[in-house]
1. Which of Asp71, Asp20 comes first, and how do the rest follow, when ranked by fewest Cβ neighbours within 10 Å?
2. To make sure I understand, if each residue's beta carbon is the centre and we count other beta carbons within 10 Å, what order do Leu27, Leu54 fall in, fewest to most?
3. Quick check on the chain: helices-only [θ] at 222 nm, where DSSP H runs of length 4 and up contribute -39,500 (n - 2.57) each and the sum goes over total residues. Nearest 500, please.
4. In units of 2.2 N^0.38 Å, what is the alpha-carbon radius of gyration of region 91-153?
5. Which distance in nm do the two modelled labels at Ile144 and Asn48 give, with both placed 7 Å along the Cα-to-Cβ direction?
6. Can you tally the net charge around Arg121? Count Lys and Arg as +1, Asp and Glu as -1, for every other residue whose Cβ sits under 15 Å from the Cβ of Arg121.
7. Can you put Lys74, Lys105 in order of Cβ neighbours within 10 angstrom, beginning with the fewest?
8. Can you check what the Kirkwood hydrodynamic radius comes to for the chain, Cα pairs only, in Å to one decimal?
Amino acid sequence: MVMNDKKLQVSAIKDGTVIDHIPASGLFNVINILRLDKIEKQITFGTNLESKRLGLKAIIKLADIFFVDNDINKISLIAPKAKLNIIKNYEVVEKKLVEVPDTIKGIAKCGNPKCITNHERIKTKFTVVNKKKVAIKCHYCEKITDSAHMEIF
Ligand code: CTP
Ligand code: ZN
């Protein structure tokens, strides 16, 4: 990490995971998807931070937390450009991009108000039909929901 005169907008962590390049509007959805309210370690957030690539971005720093890929890839629904930085002893030891999975179970709501998943207690299930724009197709009613209309729960 090059510090020079560049001050970090959110303090550095010693060990853990930094999720960077989250669109500012997606921060609270990412918090929900990863169930961060259940974590009892130190968590710091920043949002509406300036980013050259995203306009405004959000960042989440999780001390002493390391995710398995399968868990972290769920956030690709709303933060497909998120970058994970694994920190060990203050150094970035690994950088990973999130990957959009082939199928999504739960997490998102089907955008079709008539869909059975919106009327009965059935877990939603989707196949990802467009990984670039992140569009998902409901297993039950075949309605396609794109990322702009995606509701997360
Ligand atoms: N970071 C941190 N604590 C550390 C080391 C890094 O919180 N001990 C954070 C930095 O603030 C940054 C991210 O981890 O948000 C990645 O760090 P680094 O690779 O040094 O930053 P950049 O080169 O700006 O990353 P990139 O351009 O790949 O997003
Ligand atoms: Zn449906």
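1. Asp71, Asp20
2. Leu54, Leu27
3. Working: 2 runs with 11 residues, N = 153.
My calculation for the chain gives -1500 deg cm²/dmol from helical runs alone.
4. Here the Cα radius of gyration is 1.29 times the empirical estimate.
5. In this crude label model, Ile144 to Asn48 measures out at 3.6 nm.
6. Values: positive: Lys105, Lys109, Lys123, Lys125; negative: Glu120.
In short, +3.
7. Working: Lys74 22, Lys105 12.
Ranking Lys74, Lys105 by Cβ neighbours within 10 Å, fewest first, gives Lys105, Lys74.
8. 16.5 Å
Every read-out reported here was derived from the displayed coordinates using simple, explicitly stated rules and does not represent laboratory data. Worth saying up front: this structure is predicted, and the values here are computed from it rather than measured. Neighbour counts are summed over all protein chains in view; Cβ atoms, including those assigned to glycine, are modelled from backbone coordinates with ideal geometry.
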